[in-house]
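J.: First the structure, which I've put down as structure tokens, then a few questions once you've had a look.
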Amino acid sequence: MKAIAVHAYGQPPRLDDVPEPEASGPDDVVVRIGGAGLCRTDLHIMDGWFADAIPADLPLVLGHENAGWVHAVGPAVEHLAVGDPVICHPNLTCGVCRPCRMGDDMRCTSGPSLPGLMCAGGMAELFKTRARAVVKLAPEAAPAEVAALADAGLTAYHAVRKAVPELGPGTAFLTAYHAVRKAVPDLGPGTAAVAVGAGGLGHIGIQCLKAMTPASVIAVDTSEEALKLAGSWGADHEVRADGQQAQQVRDLTGQGADAVFDFVGEDATIGDSVAMLRPGGTYYLVGYGGTVTLPTMAMVLGEITVAANLIGTYADLADLVTLADQGKVTLHSSRYPLEAANDAIDDLRHGRIRGRAILIPG
């Protein structure tokens with residue numbers, strides 16, 4: 001079968017002929033890929049960012065945002081049938097350790113097992129995963145339209161979910177509600193949230209914020225085109241990142257935003273994102289690549305909270321799929337045939353993609 005594989009760090013991946021995976025284990029699931037997302041993490045893998053921390057055997061088939069149709073299942077898999085449309089969680093977990101049992105499967109004690117980084121991914125015609133990583137889609141779903149929910153969507157949803165009120169205004173016992181609410185991160189009525197970066201992650205984060213909270217949402221980006229799209233995805237305000245973005249956010253909100261979601265996470269966005277917060281606000285670090293260096297005095301005096309985010313759980317992905325089924329979250333994507341993977345990679349490196357690039361096997 002055809003697959004996109006890295007043979008040497010720092011070099012473009014190749015289109016290879018590789019053996020087809022088989023459902024050899026009891027809980028194996030082989031998926032016929034309908035769409036595989038391309039993201040900046042793939043660029044980082046190609047460039048060797050993870051080579052020392054997470055060694056992998058090369059050549060390595062890329063692809064951690066995978067959706068398609070069940071092609072084959074192992075003998076213990078009873079809830080999936082050949083032909084079912086599915087999306088695949090980007091971490092293969094044990095399912096029996098304490099974190100997995102508690103639904104915190106991103107912290108599985110077996111450690112991360114990430115397709116496209118540590119084992120063969122889904123930028124291929126077929127992809128092998130495990131039954132507990134598979135979320136069934138609606139029968140009429142088009143996998144290529146939702147593939148990027150498996151990471152870009154999941155990561156954005158997981159970060160936003162941390163800021164969603166656990167209890168609503170209709171809670172019966174007001175005294176208990178008042179006490180609990182103090183301890184719950186909340187984007188309730190009258191609050192403001194900022195999405196820094198309206199690209200592959202950010203455009204999904206904006207939609208999640210609008211679907212899950214009553215907060216006013218401010219999109220911040222360097223691109224006028226991205227900001228126009230952010231408005232179409234539900235952003236209430238769009239701010240151009242021109243060096244004055246922190247002041248513009250403070251002008252819009254008064255004291256500053258209650259929460260800032262940094263979907264970029266590079267040196268240029270970290271300090272500005274924190275500067276957009278009101279006292280007591282929370283900085284959600286979602287993207288990565290920069291170094292967090294913040295003045296402790298300002299952090300302490302402002303009681304600023306920093307919350308980092310690692311992808312998301314299986315339950316998060318299932319919930320996000322539900323939002324997508326309801327039409328509350330949609331992906332803006334550019335599609336490329338699998339054979340044109342290096343064109344997609346070049347477009348991503350040079351900022352020519354709005355939303356997400358999706359590779360489609362022929």
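J.: Using only Cα atoms, figure out Rg for the chain and give it as a multiple of 2.2 N^0.38 Å.
T.: Numbers: Rg = 20.6 Å, N = 362, 2.2 N^0.38 = 20.6 Å.
For the chain, the normalised Cα radius of gyration comes out at 1.00.
J.: Amide H of SER334 versus every other amide H placed in the peptide plane: which residues, excluding those fewer than 5 positions away on the same chain, fall under 5 Å?
T.: ARG356, ALA357, ILE358
J.: Also: Over segment 272-345, consider all pairs of different Cα atoms and compute the Kirkwood hydrodynamic radius from their mean reciprocal separation; express it in Å, one decimal.
T.: On the way: mean 1/r = 0.0619 Å⁻¹.
With all distinct Cα pairs of segment 272-345 included, I get 16.2 Å.
J.: What do the square roots of 5 times the Cα gyration tensor eigenvalues come to for segment 229-360, in whole Å, largest first, as semi-axes of the equivalent ellipsoid?
T.: Numbers: eigenvalues 185, 67, 53 Å².
The equivalent ellipsoid of segment 229-360 has semi-axes of 30, 18, 16 Å.
J.: In sequence order, what are the phi-derived ³J(HN,Hα) couplings for segment 288-293 according to the Karplus relation 6.51 cos²θ - 1.76 cosθ + 1.60 with θ = phi - 60°, rounded to whole Hz, with x for glycine and proline?
T.: 8, x, x, 10, 7, 10
J.: While we're here: Across segment 48-58, in residue order, what do the Karplus-derived ³J(HN,Hα) couplings come to in whole Hz, using 6.51 cos²θ - 1.76 cosθ + 1.60 with θ = phi - 60° and x for Gly and Pro?
T.: Calculated HN-Hα couplings, in order: x, 4, 9, 4, 7, 6, 10, x, 9, 7, 9 Hz.
J.: Here's something else I'd like to know. Among DSSP bridges having both ends in the chain, what percentage is antiparallel? Round to the nearest 5.
T.: Working: 30 of 58 bridges.
So the antiparallel bridges amount to about 50 percent of the total.
J.: Might you report the magnitude of the Cβ-based charge dipole of the chain about its Cα centre, with Lys and Arg at +1 and Asp and Glu at -1, to the nearest 20 debye?
T.: Working: 26 positive and 41 negative charges, 162 e Å.
That gives a dipole near 780 debye.
J.: Another question, if that's okay. Could you calculate the FRET efficiency of ALA298 with THR222 from 1/(1 + (r/R0)^6), where r is the beta carbon distance between them and R0 is 35 Å, rounded to 0.05?
T.: Numbers: r = 25 Å, r/R0 = 0.71.
In this case the efficiency is close to 0.90.
J.: Please report the relative contact order for the chain, taking Cα pairs under 8 Å with a sequence separation of at least 6, and give it as a percent rounded to a whole number.
T.: Numbers: 838 pairs, mean separation 63.0, N = 362.
Once divided by the residue count of the chain, the mean separation gives 17 percent.
J.: For segment 209-304, take N as its residue count and report Rg(C-alpha) divided by 2.2 N^0.38 Å.
T.: Details: Rg = 13.0 Å, N = 96, 2.2 N^0.38 = 12.5 Å.
Rounded to two decimals, the normalised Rg is 1.04.
J.: In a Gaussian network model over the chain where Cα atoms closer than 10 Å are linked, find which of HIS332, HIS158, HIS79 has the largest mean-square fluctuation.
T.: Highest fluctuation among the options: HIS79.
J.: At 20 °C and 1.002 mPa s, grab the translational diffusion coefficient of segment 16-65 from Stokes-Einstein with a Kirkwood Rh over Cα pairs, rounded to a whole number in µm² per second.
T.: Numbers: Rh = 13.2 Å.
For these conditions, the coefficient is 163 µm²/s.
J.: Also, quick follow-up: Grab the eigenvalues of the alpha-carbon gyration tensor for segment 103-168, scale each by 5, take roots, and send me the semi-axes largest first in whole angstrom. Can you show the working numbers first?
T.: Details: eigenvalues 115, 69, 26 Å².
Here the semi-axes work out to 24, 19, 11 Å.
J.: So for the pair SER24, LEU58, with labels modelled 7 Å out along Cα→Cβ, what separation do we get in nm?
T.: 2.5 nm
J.: Count the lysine pairs in the chain whose Cα atoms sit under 19 Å apart, keeping only pairs 8 or more residues apart in sequence or on different chains.
T.: Value for the chain: 9.
J.: In angstroms, what radius of gyration and Dmax does segment 31-113 have, counting Cα atoms only?
T.: Every Cα atom of segment 31-113 included, Rg and Dmax give 15.1, 40 Å.
J.: Report the percentage of all Cα-Cα pairs in segment 198-246 whose separation exceeds 12 Å, rounded to a whole percent. Don't skip to the end; give the middle numbers.
T.: Details: 645 of 1176 pairs.
Result for the distance tail: 55 percent.
J.: Please express the shape of segment 1-143 as an equivalent ellipsoid: the semi-axes are the square roots of 5 times the eigenvalues of the C-alpha gyration tensor, given largest first in whole angstrom. Please report the intermediate quantities before stating the final value.
T.: Numbers: eigenvalues 115, 75, 34 Å².
Result for segment 1-143: semi-axes of 24, 19, 13 Å.
J.: With the Cα gyration tensor of segment 56-98 giving a ≥ b ≥ c as the square roots of its eigenvalues, does the rule (a/c under 1.5 for rounded; else a/b larger than b/c for prolate; else oblate) give rounded, prolate or oblate? Show your work: numbers first, answer last.
T.: Values: a/c = 1.93, a/b = 1.23, b/c = 1.57.
Note, shape of segment 56-98 comes out oblate.
Just so you know, all these numbers are worked out from the coordinates, no wet-lab data involved. From a predicted model like this one, the values you see are computed outputs, not experimental measurements. Neighbour counts run over all protein chains shown; Cβ positions are idealised from the backbone, glycine included.
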